[in-house]
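Written below as structure tokens is the structure these notes are about.
The values are calculated or read from the model by the stated rules, or taken from the named source; none is laboratory data. Note that the structure is predicted; figures quoted are calculated from it, not measured. So basically every Cβ, Gly included, is an ideal-geometry build from the backbone, and we count neighbours across all protein chains shown. Surface accessibility is based on the protein's heavy atoms, side chains included, excluding ligands, DNA and RNA. Shrake-Rupley method; radii C 1.70, N 1.55, O 1.52, S 1.80 Å.
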Amino acid sequence: METPAIFDSLASLTVVVADTLYTTTWAAINDVKPFPVLSTLHVDGGYPFDDNLLFRGNGGTLRSLHLPFSAIARNALCRFDILKRSGVTRMNSIHIGMATDVDKAYLAGRTDLPIEEQVHRMLEVVTALKTNCDMTEVSVYQAILAAPSTAILQHINLCRFGFEMVDVISLISALPSLASVTYTIVGLGASIESIPANDCPSTLYAKHYPLRRNFRKLCVLYAENVSADKVAGVAMLIAIMCPNFVHVDIPPMLRKDFSHEIAWSTYCRSFKPFAASISRLIYSD
């Protein structure tokens, strides 16, 4: 801190900070750009930085960013205009860590949650977003649903918490460039489950088609209660709504039963009119 160094060739930096209280901040360091060509920054643990030290001068080079949720709770991205620096036009990935109980307690005491504006800035510059936090509990999900029309996000990974299909439909609808979603299937959602099974495909088609033409891929994370028929049920309904949806990435042990379920459904009265759309999902092996 007394004699700051400049790492003018460093492309990747990982910083692990012991969890810190929100009352703890590190003194700001002025007038130095220590990482001018950084392309990958990974910060774990706490986020006590009270300045933009890690981001100075690398707006045109930084492509991959991993931050603990405490950085978002502290409003770091907007306070220091991290994603509006000179040169920041497109990033490959941003990963937001899990919100701890300490993070949630800190946010609970605030009347102005610093979430939506930061999420919207991410959506305008990043092609892949990954989050370990419970998006519904800390308002990330609601912020994405209000995505700006300039959002360029193509891939979203909801790697920790399960979502219902109705929530995924809302995400696809909110993000015009979205091509893939990675998540854990927990069900269809009450509004879909209330539709008689025989009428469900045609009802969703009439209501949503074409939901999004850019959406192509569903990645299903493994969970003990995930079955091939449940995944197939969700995938077929998405295929009916999204005309270019062609692939489901599922655990190998489910693929045979998954394909059998879809092949059988092409002969059922409710799915038969959509046989061409759903048969594209069958694994060739």
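Per DSSP helix of 4 or more residues, -39500 (n - 2.57); summed, then divided by the residues of the chain. What does that give at 222 nm, rounded to the nearest 500?
So the calculated ellipticity at 222 nm is -8500 deg cm²/dmol.
Please determine, in degrees from 0 to 90 and to the nearest 10, the orientation of helix 116-125 with respect to the longest principal axis defined by the Cα atoms of the chain, where the helix direction is its Cα long axis.
That helix lies at roughly 80 degrees to the long axis.
Roughly what % antiparallel, to the nearest 5, for the DSSP beta bridges in the chain?
Looking only at bridges with both residues in the chain, the antiparallel portion is about 0 percent.
To check my understanding: the extent here is largest minus smallest coordinate of the Cα atoms along each principal axis. What are those three numbers for the chain, in Å, largest first?
If we take the Cα atoms of the chain, the spans are 74, 40, 35 Å.
Do me a favour and compute the ellipsoid semi-axes for the range 153-285 from its Cα gyration tensor, root of five times each eigenvalue, largest one first, whole Å.
Listed largest to smallest, the semi-axes of the range 153-285 are 19, 18, 15 Å.
Within the chain, what's the longest stretch lacking GluC sites (Glu not before Pro) that sit in DSSP loops with no more than 11 other Cβ atoms inside 10 Å?
Counting at most 11 other Cβ atoms within 10 Å as exposed, the longest clean stretch of the chain is 3-223.
Among the trypsin sites (Lys or Arg not before Pro) within the range 61-144, which fall in a DSSP loop and have no more than 15 other Cβ atoms within 10 Å of their own Cβ?
Arg90, Arg110
Tell me the trypsin sites (Lys or Arg not before Pro) within the range 173-252 that lie in a loop according to DSSP and have at most 12 other beta-carbon atoms within 10 Å.
Those satisfying the criteria are Arg213.
Would you mind checking Lys33/Lys84; Lys217/Lys256; Lys104/Lys230; Lys130/Lys256; Lys104/Lys130 for any pair whose Cα atoms are more than 23 angstrom apart?
Correct reply: Lys104/Lys230; Lys130/Lys256.
Leaving ligands, DNA and RNA out of it, work out the accessible area of Ser64 with a 1.4 Å probe and give it in Å² to the nearest 10.
40
In a shell of Cβ-Cβ distance under 15 Å around Ala275, excluding Ala275 itself, what net charge do Lys and Arg (+1) and Asp and Glu (-1) give?
+2
With a cap of 11 neighbouring Cβ atoms within 10 Å, and only residues DSSP puts in a loop, list the chymotrypsin sites (Phe, Trp or Tyr not before Pro) found in the range 158-243.
Within the range 158-243, the qualifying chymotrypsin sites (Phe, Trp or Tyr not before Pro) (loop, at most 11 other Cβ atoms within 10 Å) are Tyr222.
Shape of the range 143-229 from its Cα gyration tensor (a ≥ b ≥ c, root eigenvalues): rounded if a/c is under 1.5, otherwise prolate when a/b > b/c, or oblate?
Judged from the Cα gyration tensor, the range 143-229 comes out oblate (a/c at least 1.5, b/c at or above a/b).
Using only Cα atoms, find the angle between the long axis of helix 252-265 and the longest principal axis of the chain, and express it within 0 to 90 degrees, rounded to the nearest 10.
Result, in degrees: 40.
Give the calculated FRET efficiency between Thr266 and Cys159 to the nearest 0.05, with a Förster radius of 51 Å applied to their Cβ-Cβ distance.
Approximately 0.95, to the nearest 0.05.
How high is the relative contact order of the range 107-260? Use alpha-carbon pairs under 8 Å, at least six apart in sequence, and give a whole percent.
Relative contact order, the range 107-260: 18 percent.
What do you reckon, how do Thr14, Thr184 stack up by accessible area (1.4 Å probe), largest on top?
Thr14, Thr184
For the pair Ser12 and Thr203, what calculated FRET efficiency results from E = 1/(1 + (r/R0)^6), where r is the Cβ-Cβ distance and R0 = 41 Å, to the nearest 0.05?
Working from the Cβ atoms, E equals 0.25.
At a Cα cut-off below 14 Å, give the aspartates and glutamates reachable from Lys272, other chains included and same-chain residues fewer than 8 away excluded.
Excluding near neighbours in sequence, the set is Asp199, Glu261.
I'd like the FRET efficiency for Asn30 and Lys84, computed as 1/(1 + (r/R0)^6) with the beta carbon distance as r and R0 of 25 Å, rounded to 0.05.
With a Förster radius of 25 Å, E is 0.80.
At 1.4 Å probe size, what's the solvent-accessible area of His95? Round to the nearest 10 Å².
40
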